[in-house]
Structure formats: C-alpha cells, structure tokens
There are 2 protein chains.
Amino acid sequence: MNPVLSHKCFGGLLTVHDHDSAVTNCTMRFAVYSPPQAETEAVPVLWYLSGLTCTWQNVNEKAGIQRYAAEHGIMVVFPDTSPRGDDVADDAAYDLGQGAGFYLTATEEPWARHFRMDRYVVDELPGLIADMFPKADMDRQGITGHSMGGHGALTLHLKHPERYRSVSAFAPIVAPTQVPWGEKAFSTYLGPDRTVWNDYDATKLVARRRTDAHILIDQGGSDQFLAEQLRPELFAEACRHAGQKLTLNMREGYDHSYYFVGTFLAEHFAHHGVTLKG
Amino acid sequence: MNPVLSHKCFGGLLTVHDHDSAVTNCTMRFAVYSPPQAETEAVPVLWYLSGLTCTWQNVNEKAGIQRYAAEHGIMVVFPDTSPRGDDVADDAAYDLGQGAGFYLTATEEPWARHFRMDRYVVDELPGLIADMFPKADMDRQGITGHSMGGHGALTLHLKHPERYRSVSAFAPIVAPTQVPWGEKAFSTYLGPDRTVWNDYDATKLVARRRTDAHILIDQGGSDQFLAEQLRPELFAEACRHAGQKLTLNMREGYDHSYYFVGTFLAEHFAHHGVTLKG
C-alpha cells in the first residue's frame, strides 16, 4: 500500500495512506509518523485522536508533534475523525456527521452503516498498522487526543486498559452526556435512550471501570469551550470517587487551539514514555 | 493598537496587528511572538520573512516556531509577504502580486505605489515594533526566512549588516536574477534593466558586500524547487570567492514544506542566539 503523501520530518517519515475499511464501509485515510528509531528497532505506538472537523492533517501541520515522537522514539498513528465520502451520511453542522464521528458505533439511521469509529480504531486499523509497520510494537500502545479526540482517548482507554496502557488528553470532552456537543451527537447517533450513552462517557465509565493508569489531562483556562462543553471538574470528581489516578493541569491563558496543544505535547510524550518505554 | 488576534503559546504571547502603512499605502498585518522572558527583560528581535503565498500565519501555525523563541528568549516579528487589499495591484499567478512582494521596491506600474516591502521591513515596521514592544532590544536584531523570504533575509542582511547582525535562511532563492521565479518578478516589478535587478540578488550582492556574519542555510535535498529555482550552489560559490562565511547544510530527503522548516528551526535559533545573546 503506497502512501498518498510522504514528508521527511525530524529525521523520521510522515506517511499518509488510504484503504477500504470493512468496518466503516468506505475509504478511510490515516497517517503514521515513523520516528528515526523505527528504522532499526521496535518502537511503542501512540494513537492520536483528533477533534471536531479535523483529519490527520491538523495536528501534523499545526503542533510540531513529530519532534516529540522523534525525541522519544514513539510511532504515532493518526486516524481520521469519521467516515467520509459522497455515500456517507453528513450534516451541515460542524459538530455532526463527517468530521464528527465521536468514536462510537452509531445505531440510528442514516448513520449506522458507516459511523463506527470506535470499532475502526480498536479492531481494524491496528491490524493494518502491524502489517505495514513491522517495527510497531503492538504490545506497547498508548492513546491521546484533543477535544472530541480527548473524549475518544479517555473512553477507549477506560474500555481497553490492557490495550492502551498509557493515556492522556488535551481539553477533552469528558462528560458528553451532560454537555451540548455530546447530547446532540449521542441523541443523533445513538437515539434517545440515555443509558446507552453512558458507555461513551468517560465520567460515567470511570465510576465502574477504574484502571491502574495515571491519566494526564491539560486544559486551557481561557478555552472558549471550557464552561459549556468541556467541564473537566466533572471528570476530576468522578476520578476522585473511583480512586482513578488523574493529573489535571489547568493552564492559565491558553485557548482551545493547536497553539495550546503544541505547547504541552512535550509533557504528554514524556508521560507516555514513562509507561511505554519504562 | 489592540491585537486582532492573540494566542498564548509556550508561555509567551503571539499577537497579530493591523496598521496603516505610509510606505506601502495600505493596511498591513503583522504578527509578533513575545517570549516569556520579555515580561521582565529586554530580548533580541528576529525577523522571519515568509515565502510565496504566505502570511504571518503559515510559519506560526505550521512550524512550532514559538517553542524555540521561548527557549532562547528571542522575540520574533512576522511581516506579511506583500501589500494587500482591493486597491492593491495583483495577478492571478501565485508567484506575482499579492503574496509575492519579493522584498523590493517596485518601480514599474501598476506596482510602484504599494510594492515596497524592503522599505516597509527596514524603515517602517521597526519603529512600530520598538513603540509597541518596549522589551524589544532593537540593538540586537537578526533575520531569517523561507524560500522567497530566505531571499529577503539574505539580501536585507547583506545591505544592512549593522542592523541584522545574524542571518540564516531555509531553502532561499539565492540567485533570483538567474531563475524563473526571480526573472518573472523582477522584470514585472523592476523593468527590463537587469543591472537594477542585481541589487536584489544575494549572489550578486555578496560579491561586493561581504559581511562579517556567518550565514547559515538549510536546504532540503528532495526540494521540488531545488534545481530550477533555488540553486544554492551559486551562492556558495559566490561566498567562497568573496570570503563570506557560509554553512550550507544539504538535508537529504527533505522537501520545501514547513515539515522541513520545523525540523531545522532549533538549529537556526541556536545560530542566531550565538550572535544575538553572545
């Protein structure tokens, strides 16, 4: 499978690939940054899940993420944020449909056929990565993400702690069942039964699925979505109750942009490195 | 003058400003990254000149440049690449008109009224920076740039070595009088007399204006513009003849993108830091 695009960067190689997904029933695009260490040795794999409207491209172009991957010798996989294409259901709003997959398995129409991003990330893409990148050590995986992707990282870790041994998030949607973004997406993709929603809500999940991981979250204090959509205090409180280790850094003056993500990536790679490279 | 935009980033502040320029006779937009050190002490100033089609935005969003500025305590100024606006002459081509100012003073019509980017960068914007940013130490300035901006950095340093004490460039257009991009722009903006062009050509300038600076250039070996438009060997040869100190790093496998620029920014900031922070 030849890459669609390829850029040398910080001594490693960023490659972009298309493939036909049996899970989302459409062509999916993803990117992989292979650090220079992967030329000669097995390296851990970090999953980076992006936020609303994004693709593999945003964090690769806007956050300098390859530098940290190269420093730590960690391969990074960047899935898309939803299925895409003319045959795939969509919505004019930026927070629904293509670009807004929310890392769940939709049960409602017209979404159910394609919108299965949790299964795509957990069940299908890892096999492809293992096949295509023989130096990817699939026994050492971590997961992180931004905003909607932070929601993805936290929920996938809590459901698959043996798979994603390290976890962190940037300005994650920690309690989608209690905020407008999540209520809109979950009611559309999952229907009106809110008990089903709880399975995709990190704040609900941690109460019954505490893991041994130390969760790292960074959150900008001047993030325009903080009070209405993100509400990290709900997750912090749930972690406290559950005995889940959490470091929640509130970063004064920082917003929701990739300027914020880029600023704290170094600390997140260090965090994942402790577990994955121990 | 309130910023149009502001992002906290790596502990410092990126701000974007509009002002009415008396040199280019239009509203100009520029950005400044103030490192955290500038809250309490005077800091050196590095000018970053961007390439064709770019604005302040590209290198700020795509290269993680603020990290290095914060590490070294250097303020960075990002001028636009041309005058802009409905009243400003333009061309449908990406390499002429708005976004393609080439850091020169146009003498031909319809360009002469607005296209004066060298005078704007050298004569007008520094006064504004000094007024707006009292911690900017205008006695310690350096200059760098990418592609067309590398041409700007080299030529402005060679003409004003007392002003720009340190200089570097990423994939610069070193010999515009001998390559298609430069021939097109110079004949359009400056007219047919090629002797006039020489004043804006680093390879020509260095022969008669050798400076004491050590020039640093990085160039991707897989840059799609290398053989036709960039031709760094012409400048290297001229420097050798003139006795100008030059380090020209050919970087195997790297292209012309911000992935390339971002990879080597750390070394360029270290280079400027040696001179500007001594």
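The values are calculated or read from the model by the stated rules, or taken from the named source; none is laboratory data. Remember, predicted model here, so these are calculated numbers, not experimental data. With ideal geometry, Cβ positions are generated from the backbone for all residues, glycine too; neighbour counts draw on all protein chains shown. Please note that ligands, DNA and RNA were not included when accessible areas were found on the heavy atoms of the full protein model with its side chains. Shrake-Rupley method; radii C 1.70, N 1.55, O 1.52, S 1.80 Å.
Summing Lys and Arg as +1 and Asp and Glu as -1 over all other residues whose Cβ lies under 9 Å from the Cβ of residue A:4 gives a net charge of 0. Using C-alpha pairs below 8 Å separated by at least 6 residues, the relative contact order for chain B is 17 percent.
If R0 equals 51 Å, the separation of the Cβ atoms of residue A:112 and residue A:212 corresponds to a calculated FRET efficiency of about 0.90.
A convex hull fitted to the Cα coordinates of region B:5-277 yields 110 cubic angstrom per residue. Averaged per residue, region B:5-277 has 35 square angstrom of accessible surface, using a 1.4 angstrom probe with ligands and nucleic acids left out.
Between copies, the label points at residue B:221 (set 7 angstrom from Cα along Cα-to-Cβ) are spaced 4.8 nm, reported in nanometres from shortest to longest. Using r as the Cβ-Cβ distance of residue A:274 and residue B:198, and R0 as 56 Å, what FRET efficiency do you calculate, to the nearest 0.05? About 0.45, to the nearest 0.05.
For the rotational copy relationship between B and A, the axis lies nearest to a chain B beta carbon, identified with its distance in whole angstrom as B:64, 1.
So, counting K/R as plus one and D/E as minus one, what does the shell of residues with Cβ under 15 Å around residue A:26 add up to? Numbers along the way, then the final one.
Values: positive: A:29, A:84, A:113, A:116, A:119; negative: A:18, A:20, A:80, A:86, A:87, A:90, A:124.
Computed value for this residue: -2.
Shape summary of region A:95-136, radius of gyration then Dmax from alpha carbon positions: 12.7, 40 Å. With a 1.4 Å probe and every protein chain kept in, tell me what percent of the accessible surface of the protein assembly as shown is carbon plus sulfur. The computed percentage sits at 48. Remark on region B:6-39: accessible area falls by at least 50 square angstrom from chain-alone to full-complex state for B:7, B:8, B:10, probe 1.4 angstrom.
Label separation (residue A:233 vs residue A:2): 5.6 nm, computed from points 7 Å beyond Cα along the C-beta direction.
Among beta bridges identified by DSSP and lying wholly in chain A, the antiparallel ones come to about 45 percent. Annotation for residue B:3, label-to-label distances across the other copies: 3.4 nm (shortest first, one decimal, point 7 Å from Cα along Cα→Cβ). Where the centroid of each part is defined by its Cα atoms, how far is region B:153-185 from region A:212-278 in Å? Taking the Cα centre of each part, region B:153-185 and region A:212-278 sit 44 Å apart. Across the copies of the chain, residue A:42 has label points (7 Å from Cα along Cα→Cβ) spaced 5.7 nm apart, shortest distance listed first. Note on the protein assembly as shown: Cα-only Rg and Dmax are 25.2, 78 Å. Placing unit charges on the Cβ atoms of the charged side chains and taking the dipole of the protein assembly as shown about its Cα centre, the candidate lying farthest along the positive direction among B:46, B:191, B:60 is B:46.
Applied to region A:100-113, the Karplus parametrisation 6.51 cos²θ - 1.76 cosθ + 1.60 on θ = phi - 60° returns per-residue 3J(HN,Hα) values of 9, x, 6, 6, 9, 9, 5, 10, 8, 8, x, 9, 4, 5 Hz, with x for Gly and Pro.
Shielding of peptide A:169-177 by partners, expressed as the average count of other chain Cβ atoms within 10 Å per residue Cβ, is 0. If R0 equals 30 Å, the separation of the Cβ atoms of residue B:71 and residue B:139 corresponds to a calculated FRET efficiency of about 0.90.
In terms of the mean number of neighbouring beta-carbon atoms within 10 Å, the peptides A:183-190, A:16-23, B:145-152 order highest first as B:145-152, A:183-190, A:16-23. Using a Debye calculation, one point per C-alpha and no hydration shell, please list log10 I(q)/I(0) for region A:1-122 at q = 0.11, 0.14 Å⁻¹ in order. One equal scatterer on each Cα of region A:1-122 leads to -0.39, -0.61. With each label modelled as a point 7 angstrom along the Cα→C-beta vector, the residue B:240-residue B:224 pair spans 3.1 nm.
Annotation: the antiparallel percentage among DSSP beta bridges lying fully within the protein assembly as shown is about 45. Under the convention that each Lys and Arg Cβ holds +1 and each Asp and Glu Cβ holds -1, the size of the dipole of chain A around its Cα centre is about 720 debye. Annotation for the B:A interface, with buried accessible surface near 2000 Å², both sides summed [1.4 Å probe; non-protein components not counted].
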